[in-house]
Each structure stands twice: as structure tokens, then as C-alpha cells.
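Quick notes on the structure that follows.
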Amino acid sequence: MKKLIIATFILFLTFFVENNILAQNFLQTHPLKASSGLFTQSNIETLLNTHQVEYTNTEIEKLKTDIADYNANVKANIERIVSERQVLSDGKLRLIQKKDELNIQQQIDEAQKNHAQIKSEVKASLNDISYKGFIIYIKKNVNMYSDPMQLIAAAKKDFIPYSVETVRGSFITSITELHQKEGFNDEFYNYVKEEISGQLSVEKNYNHAKDNLSKIFWYVCKVDVKPLKKNIETYQTTDFNTRTDIVVLDALKETNITAVLQQKGVPENIISEINAIVQTNKISIIAENNSIKSRERDIIINGQQKLDELDFRIRELQNKKAGVYKNIQSIIEQNSRVVFDINNVKASFDKAVAEINQKIQRNIEEEINWRDKELFVEWQRSIATTGNPIAAIASNVLEVKKQHETAYGVFEQYIAVNEIKNDNFTAQRGSTRELSRNVNQLYVFPQPSQNGILLTVLTQFKTLGETQFSSSISSNQTITVNGVNFEMVAIKAGTFTMGSPASEVNRGGDETQHQVTLSAFKMSKYEVTFEQYDLFCDATGRSKPDDAGWGRGNRPVINVSWDDATAFAEWMGCRLPTEAEWEYACRAGTTTPFSTGNNLTSSQANYNGNDPYNNNAKGEYREKTMPVGSFAANAYGLFDMHGNVWEWCSDWYGDYSTSAQTNPKGASSGSYRVCRGGSWSSDTRNCRAARRTSFPPDDSSIGLGFRLVSPK
């Protein structure tokens, strides 16, 4: 009977391992099996009394081989699942990194709207342009009883059409010259030609008089004509060549006023008075018109320059749009079943992210299912049988259960979740979570020995649920000081080798390796952002640093000196990290040039991908900072430790000690403060974990930022 059971067990084991079947199935026929809820001394004793089976050493050795094969299969599936999840997460991260580019059509629409607005503004400004006219009006055969005010009113009706036409012609000539010489927008030129009209008002009455002896009324005035505005009233155009009783001259155009007036029979005394007025005012009116012409040119040329810039921007965006959408489409189609809709890219994007999220969640659940299949074994525990052997076996079985739950009752699951929160890259990425589990099944294999019993116990667990999110040796905490929120990662105490080995490619001469022991500390998960630093500036009256045109918000603050960074840290009740703390946190338990291994790619950090490390493939060069947390975190849950911005440390720059150090704080004095990590413009070698550089403490640039360490 016993051999039949063993044979049946081995047959089941071989079949299910080879066919990738669930672990709990191939042990179903084992007689000494107990499930959750039956793990008591009495229940185990009852089980042993009911099925008094024993196994040979050969059978146990075969069991070892079969269990090893089975667990190898389980672990292979877990590794496959984790690998699949990483592929999904990487695809999602690539997609999320394109989120800022989703609004490219919105940018085009905005640029086109601005384009139309500028045209309207130029046209409105042209509408307000007004030129000056200098009018001489003569009317003959005037009755001595005529009212001069009525004569002036009649004069305006006579000379307004002539004056408007004269000034309008000058305006058209001026615009045509500009169009031919400057080559400005045809739309402006056509607009002027189409809208040309003319609204006249008398700006200044220089003089008027009625000579009763000669029966002549004369009137000299300065007029203001807006060529692109229409008169409220309409006037009958007069052909002065056919009228012998009226003379109208433009004093700005007429070269010989005296001759014309003499020819028209105007008395010399009136001619003299008119000439005196013309000589006094003509030069100033010409100068005024020249100034107006210059303003007109400025309106058009400045407007044209703005339009040219927008035209270039629109063409640039339209050319970029095709490439951006093609890239997004490729990522979506590679990582989801979403059909890309070119007319609603955002909807396609959101659907793809949602689908990948679902796949990741299913993947996480699948991993847990496989972990619940793994078998944990205590092989051939020796039990002395001086008393009741069944009681001794039951007691040891429960002891093994307790030991297994202590050793394996909590496991970490890598959660490669890439999410955005409130449209910012702020959610957890590349973190792990702790899951608790209890023994769910027990399988007992007693074996006789010379001195008693050898007991083999197999256990299987059931995952209960999550305990907390945490990185491999850290936990997260949010602190709020002066209204500013910071996510801090608690880094446990430890000892590491600081610096780089002589064999490391591109190492610096100042990277001498030495052992460093550090106390526990808390470091900000992300680099300090503009959003956080701007609150500090508002509260303290400091000037806000320039963002280089890249945007503020969730991008790392730049253009801050060591003095600025220290002031912010103190305002937050924090400090800058020591150089040793920074490298320890950056390495996150690794000994390679980067926390990512022997190489760093542009999908893992923001740096100059045109200059790769150790002859690896080139990558993307973004030429600006990226929002914090745009890439996966290191094993400690810290983001952007490689690239994005150089990070100020508290230390003065100096040579390393060759002896072991505990909580080193750098040189006691110096001229330069340490910076670590490389920036968006750095080549890959300058982003190494051991790379050191330094700057004067009052220096600031578009590549300098920082992060915080908080007190315990």
C-alpha cells in the first residue's frame, strides 16, 4: 500500500511538472496532508494514526529531485511573469513620457489662434493711423450778408472728398512702397486696398476771412484723415476743374501756391495772408506725417516679424506632429490592442494606458498565484522517539510550520507600476511591496532511522494581502513643512565601498575606494521641484530662478547655488546630503558604475544620449530637464539619481581618506562644494555613481539642482 502511494505520488509529480500544472494538484492523493484550519496537535496526531505510512531513503531522495524540478518550474514561471510585467511597465513608461506631446494639435491651434489675433491687432492699429492734410479753400461771389460759420460748414462739404482722396492716395503710395521694399504679408496689403475709405476731421482752423469788396471767402485749416475708416456722413464729390467759384488746394503738394491763386483771380492781400500761414505751419505738418509713416511701418514690420515666427512655429509643429503621432501609435500598438485613432489621439492614449494597467494588474495576480504554488521543505529532520512517536512527529510538524511562516511569511513583489497623478509624474514607479502569507497546506513524510524518525515536511502558502509599499531596504514618508510637501525615503544604516575600482571605465583619479559606514537617514524621493522652491521664494521674498523656458511645476529647480539650496533646506528643517550619503543612496546596494548595472540608457535616465558609456549604443538627447520621476526608480525607491540635474551635496570638495570612515562629512574647508549625479547635458560617464565634480558655492546654472535629507 505504501509503495503504491509513493508510486502514485511520483507519477503525479512527474506528470504535473512536465505539463506545468498547479502545485496543489499533484499532492492531492498524499495521505499525510493537512489544510489550513486543521493545524493543531490533535488533528495532526489523528492524521498520523489514521495513515501510518513510512518512506525509504531512496524514496525521499527521489522526492528531493522531483520537488527541485517542480520548484524550478514554478520559479521559471514567476521569472517569466515578472519579465512580462517589466515589458508592460516599460511600454507604459514610454507612453507616459509622450504625454506632454499629446497636446501638439492644441499647440498648433493655439499658434494659429495667435496668428489670427496678431493679424487683427495689426489691422486695428492700421485703422487708427491718421495722416494730416493742409487745405486752402477759396470761394468767390460771396454775399456780404453770408454767415462765416455757415461758409465754413459749406467749405467742409466742398473740400472733404478732395482732402480724403489726396491723403488716401498718399497712404496707398506709402503702403505700396513698404510692400515692395519690405515684402510684408499680402493680406495686409490687400486689406488696405479693400478697406481704403477715409474719415476726415478738421484738426485745426488756422484762419478764415470774408472780403466783401472782392466778394471772396477764404479758409485755411489742418485736417486729420484716417484712410481706413469710413465717414459717418456722405459727401458729393466736386470737380473743381469745372467750378470757377471754388478753389481747393493741398498746401503740402502744391509747389507754387501764389501762381495758382493769382491765376484764379485772388487778390494779393489775401494771397499774402495765406502764404504766411503756409510758411509758418507746413514744415511741422510734413514732419508729423513722416512720423506717422514711420509708425505705420513699425506696425506692419513688427506684426510681420511676429507672424513669420508663428508661421515657422506652426510649420515646425505640423512637421513634428506626424512623427509624434506615429511614435505614439507605434507604442500603443506594440503594447495594447487599442486601435489608434488619429482624430482622437488622447482617447487612444488613455485607452492604451488603461489596458496596460489591467494587464499589469492581471500579471501581478498571476505572479501571486504562482508563488502560492511553491513548495518549501524541511528535509529529514531528526526526531528522537523516547516517548510517543506520533505526538513527537505532530509537535515537530507544527514547529516546522511556525519556522516556515517566520522565514517565508513575508515576501517582496516588484511592482513596476508607472502612473501619473494629477497629470504629473508623481506616482510610485519601480517600487516593491510587501505581501504577507500563511501556510495553507502541510505534507508530511515520516522515514524510519536507526535512532528514531527522520521527518520531511512540505509547506505551501496562501498569500493574504499587502502589508505596505516599500523599496528593498526603505520605506516612504511624506513630510509637510511651511506648506511644502516632500516624499521622503527612509534609508537604513549600512556599510558600503565608496569610490570606483581601478578597472572601472572612465573613472576619475579622485574616486579612491574606501569603506564607509552610515547611520540611517531619510532622503527626498525626487529632486526639489520648481513648484516646491517657488513656494519658498514667495514666503521669503527671494527672486525666483529662471526656468530656461522649459517650464516650472514638476521639473527640477535649476539655476540655484549651493547657498540657495542650503537656505531652502534649512527653511524646510532639512539639510543637503553628504557626499557619502548621496553615493550610498545612488548605488542602492550595487557595485557597478550605475545602479542600473554596467550601462545606462536614455530610457533609464535623462542625459546626453549622443555620448554613450563604454562604446554602447547611442540614445536620445532631450536637451532639457524632464519632470521628476519620469524614469524608473533605483532599488531604494529614489528617482533621477543619474542625470536630469547635478545635485549639490553638503561637503567641501577634497581628497578621500583611504581608511574606513563612519558618517564622513568631507573636507573641513575649501573653495568648492561637491555635486553628484550628472545632468541632462552630461555624457554618460559623468552620470556614474562614483563620479565627483564641484562648483563654487555661489555658482548656479541650468544644470544644477538638489535634493534633501531630513532629520530622523
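The values are calculated or read from the model by the stated rules, or taken from the named source; none is laboratory data. Predicted model only: the values in this text are computed from it and were never measured. Because the Cβ atoms are built from the backbone with ideal geometry, glycine has one as well, and the counts that use them run over all protein chains shown. In case anyone asks, the SASA skips ligands and DNA or RNA and just uses the protein heavy atoms, side chains included. Shrake-Rupley method; radii C 1.70, N 1.55, O 1.52, S 1.80 Å.
Here are the numbers for the structure shown:
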{"item": "Unmet requirement for Ser694, which otherwise passes all of (1) in contact with a helix residue (DSSP H, G or I) (Cβ under 6 Å, 6 or more places away or on another chain); (2) not in a loop (DSSP other than H, G, I, E, B)", "result": "(1)"}
{"item": "Given (1) in contact with a Phe, Trp or Tyr (Cβ under 9 Å, 6 or more places away or on another chain); (2) surrounded by fewer than 17 Cβ atoms within 10 Å (Cβ to Cβ); (3) not in a helix (DSSP H, G or I), number of the condition Ile138 does not satisfy", "result": "(2)"}
{"item": "Any hit, segment 401-415, residues being part of a helix (DSSP H, G or I), in contact with a Leu (Cβ under 8 Å, 6 or more places away or on another chain) and at pLDDT 65 or above", "result": "yes"}
{"item": "Tally of residues being within 12 Å of Phe530 (Cα to Cα), open to solvent by less than 30 Å² (accessible area, probe 1.4 Å) and of a type outside the set (D, E, K, R) across segment 542-564", "result": "7"}
{"item": "Residue within segment 579-594 that is out of contact with any Cys (no Cβ under 8 Å at 6 or more places or on another chain), closer than 23 Å to Gly553 by Cβ, open to solvent by 10 Å² or more (accessible area, probe 1.4 Å) and modelled with pLDDT of 90 or more present", "result": "no"}
{"item": "Selection count where residues are open to solvent by 10 Å² or more (accessible area, probe 1.4 Å), over 30 Å from Phe631 (Cβ atoms) and not hydroxyl-bearing (Ser, Thr, Tyr), scope segment 49-96", "result": "16"}
{"item": "Within segment 329-347, considering residues that are part of a loop (DSSP other than H, G, I, E, B) and either β-branched (Val, Ile, Thr) or open to solvent by 100 Å² or more (accessible area, probe 1.4 Å) (or both), the one farthest from Glu101 (Cα to Cα)", "result": "Arg337"}
{"item": "Any hit, segment 278-289, residues being modelled with pLDDT of 85 or more, surrounded by 12 or more Cβ atoms within 10 Å (Cβ to Cβ), under 30 Å from Lys306 (Cβ atoms) and not aromatic (Phe, Trp, Tyr)", "result": "yes"}
{"item": "Residue among Thr625, Thr592 that is hydroxyl-bearing (Ser, Thr, Tyr), closer than 18 Å to Thr693 by Cβ and in a loop (DSSP other than H, G, I, E, B)", "result": "Thr625"}
{"item": "Gly198 vs. criteria buried (at least 16 other Cβ atoms within 10 Å of the Cβ) and at positive phi", "result": "yes"}
{"item": "Test: residue in segment 612-621 that is free of Cβ contacts under 8 Å to residues at least 40 places away in the same chain and among the charged types (D, E, K, R)", "result": "yes"}
{"item": "From Ile160, Ile196, Ile172, residue being of a type in the set (A, V, I, L, M) and in contact (Cβ under 8 Å) with a residue 60 or more places away in the chain", "result": "Ile160"}
{"item": "Per-region count, segment 348-362, residues open to solvent by less than 20 Å² (accessible area, probe 1.4 Å) and either in contact (Cβ under 8 Å) with a residue 40 or more places away in the chain or under 21 Å from Gln413 (Cβ atoms) (or both)", "result": "4"}
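Yes or no, residue by residue, for (1) outside any helix (DSSP H, G or I); (2) under 23 Å from the mean Cα position of the chain (by Cα); (3) in contact (Cβ under 8 Å) with a residue 60 or more places away in the chain:
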{"site": "Ile285", "(1), (2), (3)": "no, no, yes"}
{"site": "Asn302", "(1), (2), (3)": "no, no, no"}
{"site": "Arg313", "(1), (2), (3)": "no, yes, yes"}
{"site": "Asn327", "(1), (2), (3)": "no, yes, yes"}
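Condition check ((1) assigned to a loop (DSSP other than H, G, I, E, B); (2) open to solvent by less than 30 Å² (accessible area, probe 1.4 Å); (3) closer than 28 Å to Asn610 by Cα) across all residues:
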| site | (1), (2), (3) |
| --- | --- |
| Gly629 | yes, yes, yes |
| Ala635 | yes, no, yes |
| Tyr656 | yes, no, no |
| Lys665 | yes, no, no |
| Ser671 | yes, no, no |
| Cys675 | no, yes, yes |
| Ser681 | yes, no, yes |
| Asp698 | yes, no, no |
| Ile702 | yes, no, yes |
